[in-house]
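The values are calculated or read from the model by the stated rules, or taken from the named source; none is laboratory data. The structure presented is a predicted model; accordingly, all values stated were derived computationally and were not measured. Here the Cβ positions follow ideal geometry from the backbone for every residue, glycine too, while neighbour counts run over all protein chains shown. Only protein heavy atoms, including side chains, enter the accessible area calculation; ligands, DNA and RNA are left aside. Shrake-Rupley method; radii C 1.70, N 1.55, O 1.52, S 1.80 Å.
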Amino acid sequence: MEDFGEQKRKQREFALASVSDLSSLSSSASPGFARFTGDGLQIQHESHQIALNVDLPAIQLFRLGPVQSVCTVEGSDAGKQTSYSRGVAIQFRNEEESEAFHCVFQQWKKEFNVQGNLPNGTNAITSKSKFDEKIEPSSAKMYFHYYGQLLHQQNMLQDYVRTGTYYAAVIENRADFTGRVVVDVGAGSGILSLFAAQAGAKHVYAVEASEMAEYARKLIAGNPILGQRITVIKGKVEDVELPEKADILISEPMGTLLVNERMLESYVIARDRFLTPKGKMFPTVGRIHMAPFSDEYLFVEIANKALFWQQPNYFGVDLTPLHGTAFQGYFSQPVVDAFDPRLLIAPPMFHVIDFTKIKEEELYEIDIPLRFTATVGARVHGLACWFDVLFNGSTVQRWLTTAPGSPTTHWYQLRCVLSQPIYVMAGQEITGRLHLIAHNAQSYTIYLTLSAKMWGPGAEQGGILQTSSCKLDLKEPYYRMSQPQAYPLTQDQQPQPFLQTQDIHIQSQDLDEAEIMQQPSPNSCAQIDSLMQNAS
């Protein structure tokens, strides 16, 4: 397939009425031409004396009139402050040619950066993008470095639940992909682009900002039957230009607690920039599930980490002044692990994020009111969270879930642990608030408050008995990846099935409420396994 950039650069050479080098006193104006090359812009006199031949990102173009312009080349003075040390005045033969030249120049500036154009696709522009404005450079550098390594891509590819569910969602909905244009947002290794091509996509644009784009090109080139319909574009979705609108967006933008890494914002930006009005998004909807839990083992484990700072004589030094700070520091880390669903003491509730409708700015701050009814008497140690996403295909609606009790994914589950637990009785109401505020390290600050309301006769006239709050940084979790503890049942405790989600009304214009409310099928893994075996 012809590189789409070439389609926009049919006119690569422009005749000039005159060219003069402003940096040379002896230079005289004479006819010449301007030519866009694979390396940049070349401006010459008729005598073939090169007046200007530099990379496009180093050039500034200014209009002096309808047919007159000046090209300046960026340089540096002794103090390393930017200056423009070279300039060429050019005059076109008419306004139409001047306008055409400026249009082509702007397009080339968008499609090239200092590394030049890559063989399979294009690069992002170099000007500061919306992504760069809201994310600190050090965080972005580490983020793209992480996802640019094959070992981390392998970790995700080997998440059978994740990869298998995506494969099933795409292949089972061939009708959505056949003959369609697809954009893979944050393509990584390119596996989802290859799935889309298997499902019959007309063409797939795989957009990847990290160095993984090079590996994706190799993988796609190694699958030529599918690869001839895939173009890898190295750059951020906030920056890159595509030659056509997409019928489908596919992406894996989920982090822990669904929103970590703030890639959902890029997914929404890609929707607004590239998706047709009737286009589909895979995934379509996400839900954050929450429930209070009781886990004495976990609470003691975290609290004991601060015991080191209770030593009054550590090599003659009293460490106790820092104990309180260390204690709170350990409790500011969300816990990422797989836990036993029997630890939940109330039916979960959930918060819906509809990727087809939500605005990017609405992801900057997420405020979720909490309300539960305890099913047992227990100490509440915090709030347990997980998520699922829906692929709302025309043929099959499939869920990918990270719920406790379901097959474990590389996301695991997440728990916010209170440094001061609260006590509840069976039937007692638990209220509170989960407040997420985005920060420029590509994550969120979590503010959690849980309260136990009065219980028993006359409770409706009473208020709050106990309240506990905590502040956590989603960017700095405690990865507790050991196998879940065996939690023995007490003599008076009966085994309970996994608590079902409370019925909460969800407003959605396009998705049927039953589709969002339904739980992932317990046979999902068996169905995916059968599907993948048939494919192989």
List the number of the failed condition for residue 146; all other conditions in (1) more than 16 Å from the chain's Cα centre (by Cα); (2) of a type in the set (Ser, Thr, Tyr); (3) open to solvent by 40 Å² or more (accessible area, probe 1.4 Å) hold. (1)
Hey, any hits in the stretch 418-427 for a residue that's modelled with pLDDT under 95, at positive phi and surrounded by fewer than 17 Cβ atoms within 10 Å (Cβ to Cβ)? yes
Output yes when any residue across the stretch 433-443 is hydroxyl-bearing (Ser, Thr, Tyr), buried (at least 22 other Cβ atoms within 10 Å of the Cβ) and assigned to a strand (DSSP E or B), and no when none is. yes
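Mind counting the residues in the stretch 285-307 that are assigned to a loop (DSSP other than H, G, I, E, B) and open to solvent by less than 10 Å² (accessible area, probe 1.4 Å)? Spell out the reasoning first.
Initially, the stretch 285-307 is screened for residues assigned to a loop (DSSP other than H, G, I, E, B), giving 294-295.
If we keep only those that are open to solvent by less than 10 Å² (accessible area, probe 1.4 Å) as well, we get 295.
Residues flagged as assigned to a loop (DSSP other than H, G, I, E, B) and open to solvent by less than 10 Å² (accessible area, probe 1.4 Å) within the stretch 285-307 amount to 1.
Listed here are the residues, each with its yes/no results for (1) aliphatic (A, V, I, L, M); (2) modelled with pLDDT of 95 or more.
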residue: 187; (1), (2): yes, yes
residue: 199; (1), (2): yes, yes
residue: 218; (1), (2): no, yes
residue: 240; (1), (2): yes, no
residue: 246; (1), (2): yes, yes
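A quick yes/no check of all residues on (1) assigned to a helix (DSSP H, G or I); (2) of a type outside the set (Val, Ile, Thr); (3) free of Cβ contacts under 8 Å to residues at least 12 places away in the same chain:
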site: 141; (1), (2), (3): yes, yes, yes
site: 144; (1), (2), (3): yes, yes, no
site: 152; (1), (2), (3): yes, yes, yes
site: 164; (1), (2), (3): yes, yes, no
site: 175; (1), (2), (3): yes, yes, no
site: 179; (1), (2), (3): no, yes, no
site: 183; (1), (2), (3): no, no, no
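Go through the residues of the stretch 328-335 one by one and say whether even a single one is farther than 30 Å from residue 205 by Cβ, touching a residue at least 60 places away in the same chain (Cβ under 8 Å) and exposed (fewer than 14 other Cβ atoms within 10 Å of the Cβ). If you could, list the steps in order and put the result at the bottom.
Within the stretch 328-335, the subset farther than 30 Å from residue 205 by Cβ is 328-335.
Subsequent filtering for residues that are touching a residue at least 60 places away in the same chain (Cβ under 8 Å) retains 328, 330-335.
Next cut, exposed (fewer than 14 other Cβ atoms within 10 Å of the Cβ) only: 328.
Yes: the stretch 328-335 contains one or more residues that are farther than 30 Å from residue 205 by Cβ, touching a residue at least 60 places away in the same chain (Cβ under 8 Å) and exposed (fewer than 14 other Cβ atoms within 10 Å of the Cβ).
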Among the residues of the stretch 369-389, which ones are of a type in the set (Gly, Ala, Ser) and open to solvent by less than 10 Å² (accessible area, probe 1.4 Å)? 374, 382, 384
Just to be sure before I move on: is residue 347 touching a residue at least 40 places away in the same chain (Cβ under 8 Å), open to solvent by less than 20 Å² (accessible area, probe 1.4 Å), on the phi < 0 side of the Ramachandran plot and not in a strand (DSSP E or B) in the structure I sent? no
Of the residues in the stretch 390-417, those that are hydrophobic (A, V, I, L, M, F, W, C) and surrounded by 24 or more Cβ atoms within 10 Å (Cβ to Cβ) come to 390, 391, 400, 414, 416, 417
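Per-residue answers, yes or no, for (1) among the charged types (D, E, K, R); (2) open to solvent by 10 Å² or more (accessible area, probe 1.4 Å):
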site	(1), (2)
195	no, yes
209	no, yes
212	no, no
225	no, yes
230	no, no
233	no, no
236	yes, yes
Kindly provide the set of residues from the stretch 454-474 that are modelled with pLDDT of 95 or more and not in a strand (DSSP E or B), ordered by number. 474
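With the structure loaded, tell me whether residue 221 is open to solvent by less than 60 Å² (accessible area, probe 1.4 Å) and in contact with a helix residue (DSSP H, G or I) (Cβ under 9 Å, 6 or more places away or on another chain) or whether it fails that test.
Working: open to solvent by less than 60 Å² (accessible area, probe 1.4 Å): no; in contact with a helix residue (DSSP H, G or I) (Cβ under 9 Å, 6 or more places away or on another chain): yes.
It is false that residue 221 is open to solvent by less than 60 Å² (accessible area, probe 1.4 Å) and in contact with a helix residue (DSSP H, G or I) (Cβ under 9 Å, 6 or more places away or on another chain).
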For the stretch 286-312, what are the residues that are hydroxyl-bearing (Ser, Thr, Tyr) and touching a strand residue (DSSP E or B) at 6+ places or on another chain (Cβ under 8 Å)? 294
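Can you tell which of 312, 243, 321 is part of a helix (DSSP H, G or I), open to solvent by 10 Å² or more (accessible area, probe 1.4 Å) and not basic (Lys, Arg)?
Of the residues listed, the single one that is part of a helix (DSSP H, G or I), open to solvent by 10 Å² or more (accessible area, probe 1.4 Å) and not basic (Lys, Arg) is 321.
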Restricting the search to the stretch 390-412, which residues are farther than 13 Å from residue 280 by Cα, over 20 Å from the mean Cα position of the chain (by Cα) and assigned to a strand (DSSP E or B)? 398
Looking at 229, 262, 217, which one is under 20 Å from the mean Cα position of the chain (by Cα) and in contact (Cβ under 8 Å) with a residue 24 or more places away in the chain? 262
Failed item in (1) within 26 Å of residue 429 (Cα to Cα); (2) open to solvent by less than 30 Å² (accessible area, probe 1.4 Å), with residue 360 passing the rest: (1)
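Hey, does the stretch 370-378 have a residue that's part of a loop (DSSP other than H, G, I, E, B) and either polar (S, T, N, Q) or in contact with a Lys or Arg (Cβ under 6 Å, 6 or more places away or on another chain) (or both)?
From the stretch 370-378, those part of a loop (DSSP other than H, G, I, E, B) are 374-377; that's our starting set.
Adding the requirement that they be either polar (S, T, N, Q) or in contact with a Lys or Arg (Cβ under 6 Å, 6 or more places away or on another chain) (or both) leaves 375.
Checked the stretch 370-378: at least one residue is part of a loop (DSSP other than H, G, I, E, B) and either polar (S, T, N, Q) or in contact with a Lys or Arg (Cβ under 6 Å, 6 or more places away or on another chain) (or both).
Of these, 275, 298, which one is touching a residue at least 60 places away in the same chain (Cβ under 8 Å) and more than 29 Å from residue 157 (Cβ to Cβ)? Break it down stepwise before answering.
Values: 275 fails: more than 29 Å from residue 157 (Cβ to Cβ).
On inspection, the qualifying residue turns out to be 298.
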Give all pairs with beta carbons closer than 9 Å in which a residue from the stretch 353-367 that is outside any strand (DSSP E or B) meets a residue that is of a type in the set (Phe, Trp, Tyr); count only pairs at least 6 apart in sequence or on separate chains. 355/267
